[in-house]
Every structure is written in C-alpha cells, then in structure tokens.
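What follows is one structure encoded as structure tokens, with my remarks underneath.
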Amino acid sequence: MKNYNIAVLKGDGIGPEVIDAALTLLPVIEEQYQVKFNLQEHLIGAISIDEKGVPLEDEVIAHCKTADAILLGAIGDPKYDNAPNLQQRPEQGLLKLRKELGLFANVRPVTAYDALLDKSPLKKEIIQGVDLVIYRELTGGIYFGEHGYTDDGAAYDHCTYSVLEVDRILHLAFKAAEQRDKRLTVVDKANVLETSRLWRKRAQVLSEQYPTIALDFLFVDNAAMQIILNPNQFDVIVTENMFGDILSDEASVIAGSIGLLASSSLGNGVGLFEPIHGSFPQGAGKNIANPIAAILSTALMLSYLGLNEAANSVEKAVNQALEQGVVTPEISGDHKFGTKQVTQFILDCLAELEVESN
Ligand code: IPM
Ligand code: MN
C-alpha cells in the first residue's frame, strides 16, 4: 500500500475548521484507492506565536521538507494587524515557509461554476465559461526585498527580481499554457518599474522556446479592470508576487466567493496546498466558513501525489454540492447550510461515487 506523509498546518481563524473538513475526506480516499495518509500536525501563525513564541519553528520547516505534501489552512489574527511595532507577525511564518521550501510558484485556478453564475455580483454573460489560472511568483519581489526605516524615519520595501527568479516561473506558466488554451498574459507595470521591464524582456526571450503560445502583456492597472470587464480573454496569467496576491483576490469574485479558491505552491521540492482566503477570524467557530477552498486544495494535493482519479472524484463531489445549492451562507445568503453540513454532503457524494465506480 502506498503511504503518503502529509504535514498539516491548520493555522489561525477558520484555518482549523476548514482543514478539519478537508481531512474528513481522506479516510474515504484511503479506502477507495488503497493508500494511506500519515498526517502530522504543526502550528503556524498567530497560534504558534502564542504557544511557541515564534510564528514558525525551525523543526516544523525541517519536517515539512521531508513530507510528501503540505496542507495549510490560513494565517492571521487581527490582534497583530494594527500593531506596527511588533517583532513577531503570524504572516512571517507563512512567508518563511514559502521561502525555505523554495515554493516559487503559486498556482491559483479561477473557474466560473455554472451553478453559481447568478451568485456573482458580476453579470452572468461576462463570467460564464471563465477558466483561467494565475501563476503568482511567491518567493521574490517586494515581499522579500529589504524592508526597513531610514535614519530620518522613512520606511522602505525594496523590490528585486533576478533573471533566474523570473525565468523559472515564466517557464512553468508557458508550460501550463501549452497544456491549456495556449494563451499567456504577463501582467506587470513595465511603464514604470525596472523589475517589470525585466519580466517583459525575459518573457519575450523565452517565448521563442514556446512557439505555439500566444504571448501578450498587460499593465497591472489595466489587468485589474480587464479581469472584471472581460475575464474570458484570459487563459494563463503570470505575474510577480504582490500583483498576483491582489489580482487573485479580485478574480475570486468571478467564482462567486473567495471561499471557493484553492491553490498549489510549487518549487523544486515538496508542494504546499492552501486556500487563497485568509483566516476570517470573525467567522471562526461559527460553522459558517466555506470548506470548499480547503477541499479543492486537497484535490490539488491528491493530483500532485499522482492520485488523479481521487482528485477528480473530490471535484465532482464539490460540483454536486454547488449544483444542489448545498453552500455556505456567504454564497446562499441564508444559514441553511454551514461548514459541517456542506462537508458532510460532499463526503456523502464522494462515498457514493465509489459505489458507482465499483
Ligand atoms: C495569500 C495571503 C498571504 C500573502 C498573506 C497571509 C501573507 O494574502 O496567500 O494570498 O500575501 O501572500
Ligand atoms: Mn492574499
């Protein structure tokens, strides 16, 4: 029987409950596919600061490096948000984990689900058929440049990109486009920023290796508008760290809720899978958090582990929940179903899919 070691980092706010929801699916997968998941839990974020004094312990990083995959919930607590002089922040744990594990590519798929077309604040005709993916650079740029204060009290955050950092994610994005609709959009601010001009230059150079891909460029301000005006024009979007952070939250409106968006973070070693939503502390413990982003992140993890059929079943089960209106309050507008009920429904669908395939 194939064994997989999964590091589980539930984190803060709704992180634990959405990851618990996702984990309930694993025993069903184990039985259906004759595999075994060995889960090992660790702390990250605010809870780790509270209990261990640091947002991420070195032992946790070391263990994550040996795992086959990492499943992560969410990071952040409001008690740290408006305290500008703190030395320790929950987010540092996540940034450190991404950096130390070399997770340079964050892949964020955005789909308009037919069942939810009426739920988006955007017009149905505009979002119908959207199937795009954002490749966000995750270990460079302004997030990881030098931060600090000058002697006269000005603050700075430096943005740097090396050719290697740009090339490796561009290659992944070109390759993704080859498997999809063969269109790649580089989003930058090349009319102002030198780093963006490097991105543009490298994309032009590398495009010679990908002759089937239609490459185009958009300034980030225009891209923010185009994602809302005409999202169907996009197939693969590739962009730097901060632009990708912002645009992927924006693009989640197309899906109908940020609570639906999953992501994979990939590099040279182990892959990490996490919802794109934050810790939503106001919603924690209220049985209202949408478990689907965590469940779809688990599906991404399954396919990363080579369990493609299992991943497809999980996606099918999620679709059934969406189609039958078994969705959490931020989508339904009422409190008919909570985290637990949506999870149970998906679990039942998954178990039934097994019966059908046997
Ligand atoms: C995300 C989050 C993180 C980021 C935060 C929590 C540091 O917003 O994964 O999108 O900005 O990358
Ligand atoms: Mn974000």
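Remarks
- Protection-proxy order for peptides 230-237, 122-129, each taking the mean of Cβ atoms within 10 Å per residue, highest first: 230-237, 122-129
- Relative contact order (percent, whole number), the chain, Cα cutoff 8 Å, 6+ residue spacing: 21 percent
- Greater than 22 Å apart at Cα, pairs in Lys175/Lys316; Lys119/Lys336; Lys2/Lys65; Lys10/Lys65; Lys10/Lys36; Lys123/Lys175: Lys175/Lys316; Lys123/Lys175
- Share of carbon and sulfur in the accessible heavy-atom surface of the chain [1.4 Å probe, %]: 50 percent
- Gyration tensor verdict on the stretch 104-260 (Cα atoms; rounded if a/c is under 1.5, prolate if a/b is larger than b/c, oblate otherwise): oblate
- Of the DSSP H helices in the chain, those whose Cα atoms cover at least 15 Å axially and whose Kyte score averages -0.5 or more: 163-179, 241-255, 292-304, 339-357
- Size of charge dipole - the stretch 104-260 - debye, nearest 20, with Cβ of Lys, Arg +1 and Asp, Glu -1, no other charges: 540 debye
- Heavy-atom accessible surface of the chain, averaged per residue, reaches 44 Å², computed with a 1.4 Å probe.
- Note on the stretch 199-358: dipole from Cβ charges, positive end direction compared against Thr339, Gln324, Ala284; the farthest Cα belongs to Ala284.
- Inter-centroid distance (Cα atoms) of the stretch 1-41 relative to the stretch 168-202, Å: 34 Å
- Gain upon complete extension [Lys123, Ala62; 0.36 nm per residue less C-alpha separation]: 17.3 nm
- Packing, as the average of other Cβ atoms within 10 Å across residues, places the peptides 82-95, 58-71 in the order 58-71, 82-95, highest first.
The values are calculated or read from the model by the stated rules, or taken from the named source; none is laboratory data. Here the structure is a predicted model, which means the values were calculated and not measured. Counting neighbours? That spans all protein chains shown, and the Cβs are built from the backbone with ideal geometry, glycine included. Protein only, heavy atoms only, side chains kept; ligands, DNA and RNA dropped before computing areas. Shrake-Rupley method; radii C 1.70, N 1.55, O 1.52, S 1.80 Å.
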